[in-house]
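> Before I ask anything, let me first share the structure, which is written out below as structure tokens.
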Amino acid sequence: VDCCDLFHHTFFLGDLNYRLDDSSTLDQTVAGIARAMGAKVAGSTAAEVEAWASLLRADELNIERAAGSVFDGWHEGGIAFPPSYRRRRELPSAGAFTSEEQLRAECYSIKTGAAHDTAKTRKPAWCDRVLFHSLAGLEEELQLLSYSTLEANECAAVAVSDHVPVFA
């Protein structure tokens, strides 16, 4: 029995561990995030949407969903926020940094020397996701109001992981 057939609406959320494929380097990814955040600060909605879309074309979950390999028939809100993984703890939102150098040094390089950190720098990715499925004819009953991240500067309790919580 498919769990999606048992309930009007089904939600799947958490660290799905999908990454960005290898078509872009760490530097290209960070540059794309900086472009999106810079466009947001400048109020250029079209440029911001294109910058996120450019990065998300390499998102493994989106690629697999488009191929019908996983989560067929499931939906996700539009992503217009910085990647939720691998971020330094206890920092302002990635949105506070609009230059590539700041993003790389302050957000996505985990080299603090603390016991819970490693010297590894990983390419940022949207590992943490919220997906939803509705029975046929009931899709209009569910309305997504927001899809974003909860940053450490917004809630100190979330500053305990190298993932930033995602909510919908």
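The values are calculated or read from the model by the stated rules, or taken from the named source; none is laboratory data. Keep in mind that what you see is a predicted model, and the values were worked out from it rather than measured. Positions of Cβ are backbone-derived with ideal geometry, glycine not excepted, and every protein chain shown enters the neighbour counts. Keep in mind that these areas ignore ligands, DNA and RNA; they rest on the heavy atoms of the full protein, side chains included. Shrake-Rupley method; radii C 1.70, N 1.55, O 1.52, S 1.80 Å.
> Going by accessible area, probe 1.4 Å, with all protein chains left in place, what is the ranking of Ile33, Ile79, largest first?
Reading off the accessible areas and sorting them downward yields Ile79, Ile33.
> Mind listing the long-range amide H neighbours of Val70? Cut-off is under 5 Å, sequence gap 5 or more, other chains count too, H placed in the peptide plane at 1.01 Å from N.
Arg65
> If you don't mind, another one. Per-residue HN-Hα couplings for the range 69-80, Karplus 6.51 cos²θ - 1.76 cosθ + 1.60 at θ = phi - 60°, whole Hz, x for Gly and Pro?
7, 9, 6, 5, x, 8, 10, 9, x, x, 8, 9
> Taking H as built 1.01 Å from N, whose amide H comes closer than 5 Å to the amide H of Ser148, not counting residues under 5 places away?
Hits under the 5 Å cutoff: Phe167.
> Cβ neighbours within 10 Å, averaged per peptide: list 35-48, 3-16 in order, most packed at the top.
My ranking of the peptides, most packed first, is 35-48, 3-16.
> Excluding ligands and nucleic acids, what accessible area in Å² is computed for Asp27 using a 1.4 Å probe, to the nearest 10?
In the full protein context, Asp27 sits at about 90 Å².
> Could you sort Arg65, Arg122, Arg57, Arg129 by accessible area so the largest value comes first, with the probe set to 1.4 Å?
In descending accessible area the options line up as Arg57, Arg122, Arg65, Arg129.
> Just read off the accessible area of Glu76 with the full protein assembly in place, 1.4 Å probe, to the nearest 10 Å².
Number for this one is 40 Å².
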